[in-house]
Amino acid sequence: MPHPAMSPNNVAVITGGASGIGLAAATRFAAIGMKVCIADIGADRLAEAATQLASVAKGGAADIMTAPVDVSRFDDLAGLETAVQKRFGGTDILMNNAGIGPDSNSFGPLENWQRILAVNLWGVIHGTQAFA
């Protein structure tokens, strides 16, 4: 039986969903009967996470979707929104969770800072723009 606040058709999309907090949230959403799409980088990580999610999802693998997405690229997130719409009919919860930690300090290479801001700041902006 679904969680009282959730209908069986509710859909959650989680960026950075193949590990950590994102995977924990995806697991909970799947366990309460939601359809779940996790977006992340790394096909192996996504496949492993999908297997874990399918084992707790009420509808098994049919309720789980994965997508290789780089949130720093708006086109990736726009494509994700379209794919989720096509597969599940829309998105009820978007968890802009993807993020990376600094491998540098304020005196580190500029490229490190550009990548951190591209993922941690622009990833949230891109997700919000693509899904809202």
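The values are calculated or read from the model by the stated rules, or taken from the named source; none is laboratory data. Worth saying up front: this structure is predicted, and the values here are computed from it rather than measured. For neighbour counting, all protein chains shown are included, and Cβ atoms are generated from backbone atoms with ideal geometry for every residue, glycine included. For the accessible areas, the whole protein counts, side chains as well, though only heavy atoms, and no ligand, DNA or RNA atoms are used. Shrake-Rupley method; radii C 1.70, N 1.55, O 1.52, S 1.80 Å.
Quick check on Ala26: is it within 25 Å of Gln129 (Cα to Cα), open to solvent by less than 20 Å² (accessible area, probe 1.4 Å), modelled with pLDDT of 95 or more and in a strand (DSSP E or B)?
Criteria not met by Ala26.
Lys86 - would you say it is more than 17 Å from Ala132 (Cβ to Cβ) and touching a Pro at 6+ places or on another chain (Cβ under 8 Å)?
no
Taking the condition of being under 26 Å from Ile116 (Cβ atoms) and open to solvent by 40 Å² or more (accessible area, probe 1.4 Å), how many residues in the range 57-78 meet it?
5
Before we move on, is Ala54 buried (at least 16 other Cβ atoms within 10 Å of the Cβ), within 15 Å of the chain's Cα centre (by Cα) and of a type in the set (A, V, I, L, M, F, W, C)?
No; evaluated as a whole, the condition is false for this residue.
Okay, residues lined up against (1) in contact with a strand residue (DSSP E or B) (Cβ under 6 Å, 6 or more places away or on another chain); (2) closer than 21 Å to Ser19 by Cα:
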| residue | (1), (2) |
| --- | --- |
| Thr66 | yes, yes |
| Val69 | yes, yes |
| Arg73 | no, yes |
| Arg87 | yes, no |
| Asn96 | yes, yes |
| Leu110 | no, no |
| Ala118 | no, yes |
| Gly123 | no, yes |
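Quick check on this structure: which one of Ala54, Ala62 is in a helix (DSSP H, G or I), touching a helix residue (DSSP H, G or I) at 6+ places or on another chain (Cβ under 6 Å) and on the phi < 0 side of the Ramachandran plot?
The match here is Ala54.
Looking only at the range 80-121, which residues are crowded, with 17+ Cβ neighbours inside 10 Å and farther than 21 Å from Arg45 by Cα?
Phe88, Thr91
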